[in-house]
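Some notes on the structure that comes next.
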Number of protein chains: 2
Amino acid sequence: MFLIKVLVIGAAGKVGRLIVEKIQQTDYTPVAMVRSKDQKEMFEKKGVTAVMGDLEKDFESAYADVDAVIFAAGSSKETGAEMTIIIDQEGAIKATDRAVHFGVQRFVMLSSMAADRPEAGDHSIKHYLFAKHRADEYLKKSGVPYTIIRPGPLTNGEGKGRVFLSEHVNGGESISREDVADVLVKALKHPKAENKSFDVVEGDTPVEDLFRH
Amino acid sequence: MFLIKVLVIGAAGKVGRLIVEKIQQTDYTPVAMVRSKDQKEMFEKKGVTAVMGDLEKDFESAYADVDAVIFAAGSSKETGAEMTIIIDQEGAIKATDRAVHFGVQRFVMLSSMAADRPEAGDHSIKHYLFAKHRADEYLKKSGVPYTIIRPGPLTNGEGKGRVFLSEHVNGGESISREDVADVLVKALKHPKAENKSFDVVEGDTPVEDLFRH
């Protein structure tokens with residue numbers, strides 16, 4: 001059997017950890033990109049390969065033999081809009097550049113609802129939506145096969161395994177981080193998800209039925 | 001004689017006011033884009049046509065019959081990195097989109113030294129350099145004939161009329177806002193400045209001799 005390696009950027013984050021778990025339930029092999037040795041050990045204890053990499057500095061070595069990338073990194077609200085530029089926008093752009101360089105076969109981006117129409121955001125969130133928008137647009141033009149997933153507001157609740165996924169969803173229903181992680185991992189496999197962008201919120205469609213038509 | 005209209009975006013700013021004055025000394029006609037009625041009246045008292053426009057909202061009407069654009073808008077340090085994204089990056093990108101739409105013949109961008117290599121910036125300025133970099137890159141790919149000017153640290157001193165302009169200047173010498181305004185206006189005219197980017201600091205070359213070869 002071929003080993004399909006999926007680099008998870010932002011693996012130590014709330015969604016990132018769930019993505020790693022979901023990948024472990026597939027035939028694929030997760031590679032968790034983390035910033036600290038503690039985080040690396042945490043993953044290794046769970047039998048997950050982890051590599052050190054910092055979006056603000058260097059992370060090129062993390063791409064060795066990687067087939068696919070899921071980008072789930074994000075700065076926190078506490079670190080301010082400076083880091084929104086440096087991590088959410090420029091980190092994603094650098095990750096895309098590396099994916100081009102290393103010939104990655106699929107790049108799945110964790111984006112945000114309304115990142116495709118940042119002008120619609122209210123003032124407190126508009127700069128964030130613009131940053132995500134620039135990163136998404138850069139990926140779309142990069143030539144790397146991509147899927148962009150724009151979830152509604154994230155909750156910590158247990159995943160329901162059912163969502164509503166569409167190119168555009170009206171309204172801002174929420175969705176659990178677990179279901180988002182599930183959708184991101186599902187998007188890795190399906191040819192129908194390639195070079196497409198989707199909004200996703202909680203709903204009625206089983207995640208396993210997504211991207212079939 | 002043909003009327004050549006130059007829209008100055010950010011006309012009420014420190015460099016913007018000087019740009020308007022410099023254009024008045026040429027055969028061209030400045031159109032000052034401003035956000036407030038007070039600013040509009042200030043320019044009109046000086047015999048300068050002024051139009052209302054807000055980079056964060058709408059400014060499309062400002063482009064009527066405009067032949068060239070000088071973009072000299074910038075958020076202030078006080079308004080934070082959110083506004084760096086919304087004005088310095090996205091405002092410039094929107095201004096570029098409008099220039100494409102209206103078939104503007106020249107777009108002169110006031111950028112910043114090191115905006116072509118933001119990674120080199122220290123942490124306090126890196127997010128700003130990234131934002132300027134994205135705006136510059138967007139302009140370069142837009143198809144609008146452009147000149148990008150990246151001055152060193154700006155001073156309020158009187159212009160010397162002499163600068164050092166080159167594709168890359170090593171070192172961070174300063175330059176007066178007046179000399180920068182002079183260079184931006186000079187770049188409007190010269191075919192040799194088209195689709196090029198330059199660093200500029202104070203130096204020995206008379207501004208009138210720039211872009212000759």
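Shape summary: segment B:25-162 maps onto an equivalent ellipsoid whose semi-axes, from the alpha-carbon gyration tensor, are 24, 18, 16 Å in decreasing order. Scanning chain B for DSSP H helices at least 18 Å long along the axis (C-alpha atoms) with a Kyte-Doolittle mean no lower than -1.0 picks out B:177-189. Cross-link partners of B:Lys77 among aspartates and glutamates, defined as those whose alpha carbon lies under 18 angstrom from its own and excluding same-chain residues fewer than eight positions apart: A:Glu82, B:Glu56, B:Asp88, B:Glu90, B:Asp122. Note that segment A:157-164 has calculated 3J(HN,Hα) couplings of x, 5, x, 9, x, 10, 9, 10 Hz, one per residue in order, obtained from phi through the Karplus relation 6.51 cos²θ - 1.76 cosθ + 1.60 (θ = phi - 60°); glycine and proline are x. Ignoring ligands, DNA and RNA and using a 1.4 Å probe, state the total buried accessible area between A and B in Å², rounded to the nearest 100. When A and B are taken together, about 1700 Å² of accessible area is lost. For chain B, leaving out every one of the GluC sites (Glu not before Pro) that falls in a DSSP loop and has at most 13 other Cβ atoms within 10 Å, the longest unbroken run is B:1-157. From its DSSP helices (H runs of at least four residues, each -39,500 (n - 2.57)), chain A gives a residue-normalised ellipticity at 222 nm of -10000 deg cm²/dmol. Ordered from longest to shortest, the equivalent ellipsoid semi-axes for segment B:117-173 are 22, 18, 11 Å, each the square root of 5 times a Cα gyration tensor eigenvalue. Scanning residues 5 or more positions from A:Val163 or on other chains, those with amide H under 5 Å from its amide H are A:Gly203, A:Asp204, A:Thr205, A:Val207, with H placed 1.01 Å from N in the peptide plane. Taking 7 Å steps out from each Cα toward its Cβ at A:His101 and A:Glu78 produces label points 3.1 nm apart. Within the straight-line cut-off of under 13 Å between alpha carbons, the aspartates and glutamates reachable from B:Lys141 are B:Asp97, sequence neighbours fewer than 8 places apart in one chain being disregarded.
Remark on B:Tyr146: its backbone amide H falls under 5 Å from those of B:Phe107, B:Asn195, B:Lys196, a criterion applied only to residues 5 or more positions apart or on other chains, H modelled at 1.01 Å from N.
Over 32 Å between Cα atoms: which of A:Lys37/B:Lys126; A:Lys132/B:Lys37; A:Lys126/A:Lys186 fall into that group? Walk me through the numbers before you get to the answer.
Details: A:Lys37/B:Lys126 26 Å; A:Lys132/B:Lys37 34 Å; A:Lys126/A:Lys186 29 Å.
The pairs that break the limit, which is 32 Å between Cα atoms, are A:Lys132/B:Lys37.
Close amide H partners of B:Thr155, meaning residues 5 or more places away or on another chain with modelled amide H under 5 Å apart, are B:Ile175, B:Ser176, B:Arg177. Sites listed here are trypsin sites (Lys or Arg not before Pro) in segment A:47-132 whose DSSP assignment is loop and whose Cβ has at most 10 other Cβ atoms within 10 Å: A:Lys57.
With θ taken as phi - 60° and the Karplus curve 6.51 cos²θ - 1.76 cosθ + 1.60 applied, the whole-hertz 3J(HN,Hα) list for segment A:199-211 is 7, 8, 9, 5, x, 10, 7, x, 4, 5, 8, 6, 6 Hz, x standing for glycine and proline. Residue by residue, segment B:111-119 carries 3J(HN,Hα) couplings of 9, 8, 3, 6, 5, 8, 8, x, 4 Hz when phi is fed to the Karplus relation 6.51 cos²θ - 1.76 cosθ + 1.60 (θ = phi - 60°); x denotes Gly or Pro.
At a threshold of 8 angstrom on Cα-Cα distance, excluding pairs fewer than six apart, so keeping six or more, what relative contact order does chain A reach in percent? Intermediate values should be presented prior to the final figure.
On the way: 438 pairs, mean separation 38.9, N = 213.
Relative contact order, chain A: 18 percent.
Under conditions of 25 °C and 0.890 mPa s, the protein assembly as shown yields 106 µm² s⁻¹ as its translational diffusion coefficient, taking Rh as the Kirkwood radius over Cα pairs in the Stokes-Einstein equation. Considering only B:Leu139, B:Gly80, B:Gly103, and ranking their Cα positions along the charge dipole of chain B that arises from unit charges at the beta-carbon of Lys, Arg, Asp and Glu, the one farthest toward the positive end is B:Gly103. Each Lys and Arg Cβ is given +1 and each Asp and Glu Cβ -1; about its Cα centre, segment B:60-149 then shows a dipole of about 180 debye.
Annotation note: chymotrypsin sites (Phe, Trp or Tyr not before Pro) in segment B:1-51 located in DSSP loop regions with a Cβ neighbour count of at most 12 within 10 Å are B:Phe2.
The values are calculated or read from the model by the stated rules, or taken from the named source; none is laboratory data. Worth saying up front: this structure is predicted, and the values here are computed from it rather than measured. We place every Cβ from the backbone using ideal geometry, glycine too, and count neighbours over all the protein chains shown. Calculation scope for accessible area: heavy atoms of the full protein, side chains included, ligands and nucleic acids excluded. Shrake-Rupley method; radii C 1.70, N 1.55, O 1.52, S 1.80 Å.
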